[in-house]
Amino acid sequence: MVREFRDFILRGNVIDLAVAVVIGGAFTLVVNSFVGDILTPLLGLLGVRDFSELTWETPGGAIVAYGNFLNALIAFLLVAAALFFFVVRPMNAIAARRAAQEPGEEPTTKACAFCATDIPIAAKRCPNCTSELA
């Protein structure tokens, strides 16, 4: 049982997942700091302020703190924008550059001129319609 547990823990996907969780937690701190310490204060230049004090009192006396919701919504949009512009777009550009540099694979099949089925490129006769190929 101990050996089976050791094999499970040392399996590659478990270790990869553990590393991803740790790096994800650290990356979350970086993104939240970027949004909270840089992007959110810049909103003050646009006249956007802290909405946490905005409330509405219902006729029954309940208090609806819709300002907190607005703050959470703005924070979500800022995090999404930061991730998109500083992670997703650069990674897509890198992937596109890498894909452009990779040579395309040579085709291994061709279409038969008579029956339009895929056959190996080296074939001299179609195995489906038995036509001789040029």
**Q.** Separation in nanometres of the label points that stand 7 Å from Cα toward Cβ, at ILE121 and ASN71
**A.** 6.4
Q) Once the piece of chain linking ALA96 and PHE5 is laid out straight, how much longer is it, given 0.36 nm per residue of separation minus the C-alpha distance between them? A) 28.7 nm
Q: On a 0 to 90° scale, report how tilted helix 12-34 is relative to the longest principal axis of the chain, with both axes built from alpha carbons and the result rounded to the nearest 10.
A: 40
Q. Over the C-alpha atoms of the chain, what are the Rg and the largest Cα-to-Cα span, Dmax, in Å?
A. 29.4, 89
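Show that you can apply the helix-only estimate: for the chain, add -39,500 (n - 2.57) for every DSSP H stretch of four or more residues, divide by all residues, and state [θ] at 222 nm to the nearest 500. Numbers along the way, then the final one.
Values: 5 runs with 66 residues, N = 134.
Calculated mean residue ellipticity at 222 nm is -15500 deg cm²/dmol.
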**Q.** Most positive-pole-ward Cα, ILE9, ALA80, GLY36, against dipole of segment 2-102 from beta carbon charges
**A.** ILE9
Q: Compute the long axis of helix 89-101 from its Cα atoms, compare it with the longest principal axis of the Cα atoms of the chain, and write down the angle in degrees, 0 to 90, nearest 10.
A: 10
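Kindly state, as a whole number, the per residue volume in cubic angstrom of the convex hull around the alpha carbon atoms of segment 47-108. Show your work: numbers first, answer last.
Values: hull volume 8.2 nm³, N = 62.
Taking only Cα atoms, segment 47-108 has a hull volume of 133 Å³ per residue.
Just subtract the alpha-carbon distance of GLU106 and PHE86 from 0.36 nm times their residue separation and send over the number in nm, one decimal. All intermediate terms of the calculation are to be shown ahead of the outcome.
Values: separation 20, 0.36 × 20 = 7.20 nm, distance 3.57 nm.
Contour length minus Cα-Cα distance gives 3.6 nm.
Just so you know, all these numbers are worked out from the coordinates, no wet-lab data involved. Here the structure is a predicted model, which is why all the values come from computation and not from measurement. Cβ sites come from the backbone with ideal geometry, for glycine too, and all protein chains shown count toward neighbours.
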